[in-house]
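Computed from the coordinates by the stated procedures, all read-outs in this text should not be read as laboratory data. The shown structure was predicted, so the numbers you read here are calculated from the model rather than taken from an experiment. Don't worry about glycine lacking a Cβ; one is built from the backbone with ideal geometry, like all the others, and counts go over all protein chains shown.
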Amino acid sequence: MRPQSILYLSILVAAVVAPRGLGIHIGIATAALAVAVASGIALTTHSDFSVIDCAGGPKCGVLGFIFRGVLDNENALGLFLALAMPFIYMGFGGWQGLVLTVYALGLVLITGSRTGSLAAVVTLCVLVVVRPTVRQPVRAPVRSALLTVGILGVFILGLFVPFTARDATSYSGRAFLWEVARDALAKPSTLIYGEGMFGWDELRASGVIDFSAIYSAHNQWLHVLFSTGLVGLGFFLAAILALFWEARHGYYTVVACVLIPFFVLGVTERPWPIDTIDWLAWSVPGALLCYPRARADSTEEFQRRVPLTEGDGVLESIT
């Protein structure tokens, strides 16, 4: 155990007893908007730090430059805001939440982070179509089914992409990292139990990978498999399924929308840290606490007290 590991474990233990529901959305949204507003100010007043010339490279934001805001690099800002968008949308709610979410999307688009931009665009589209709310339980079977199909498709894509890439230079060099992880998984012990919390860091120390790739294998599922093996991957997927299962009584669309950017980013990044703590660690307790516990009988009681509820596109009488 290292200090970072102890800190991460403390956060997860705190999530067991922390309040669930709207509070976590407001808290994360406020913190994320502080970064977003500061980055917006940096764009106009500190462009010498926040703006980087594309220099003819393949990465460039929609305004013709790379933008890192107040964070270390463009990917850091892009991933951070993409993961925060569902919390901003549901935390503030109404037109305010939509406007602030669009503002976050605009910042992501000018960063030059391609993965972050894709995740942010997909997330906003899903939020506008699904209209999740954490302030009350809502049954939306059609939207829930569509979200499930979409998430399952992105998950399958993310699971198989690192095992099908053969050109080490493809996916902006990520294929090389995937090849390194696949080679390690050739050992039966690694495939079953993984290389441990410090396995990826040891690759950097031995010079196998560059320092810039130290934080992950750049694929969520491959990184979990590399660090914890099939045993850990099984527990990891079981935890995500548990989130969906507990949300089935009125908050399924909430947790699905929170996890949309995670699944999209997971194809070529590692949005959830599992063996260290970094600038994205807040997204894990955020997902764990993103909806209040609700039983079927409590949801039905709520619906009996409300004369009208919004279904999939229509208002249905439930009295």
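Overview of results
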item	result
Chymotrypsin sites (Phe, Trp or Tyr not before Pro) restricted to DSSP loop in segment 133-234 with at most 14 other C-beta within 10 Å	F198
Sorted by Cβ density within 10 Å, fewest first, the residues V17, V134, V37, V254	V17, V37, V254, V134
Cβ-based exposure ranking for W282, W245, W95, in which fewest neighbours within 10 Å come first	W95, W245, W282
Length released on extending from A168 to N73, taking residue separation times 0.36 nm less the Cα-Cα span	31.8 nm
Three-way shape call for segment 64-177 based on the alpha-carbon gyration tensor, with the a/c threshold at 1.5	oblate
Least to most buried among T169, T276 (fewest other Cβ within 10 Å first)	T169, T276
Dipole moment magnitude, nearest 20 debye, segment 20-292 about Cα centre, only Lys, Arg, Asp, Glu C-beta charged	980
Lone cysteines, the chain (no partner Cβ under 4.7 Å)	C125, C257, C290
Expected 222 nm ellipticity per residue - DSSP helices of 4 or more, -39500 (n - 2.57), all of the chain, to 500	-20500 deg cm²/dmol
Tensor-based shape of segment 114-223 (alpha-carbon gyration tensor, a/c under 1.5 rounded, otherwise prolate or oblate)	prolate
Coordinate range along principal axes, alpha carbons of segment 20-292, Å, largest first	51, 48, 27
Three-way shape call for segment 1-142 based on the alpha-carbon gyration tensor, with the a/c threshold at 1.5	oblate
Relative contact order of the chain, defined on C-alpha pairs under 8 angstrom at six or more residues apart (%)	21
Span-rule helices in the chain, defined as complete DSSP H runs reaching 18 Å or more along the axis (Cα) with Kyte mean at least 1.6	3-17, 22-45, 94-111, 114-130, 141-164, 252-265
Gaussian network model of the chain, Cα within-10 Å springs - most flexible of P273, P58, P141	P58
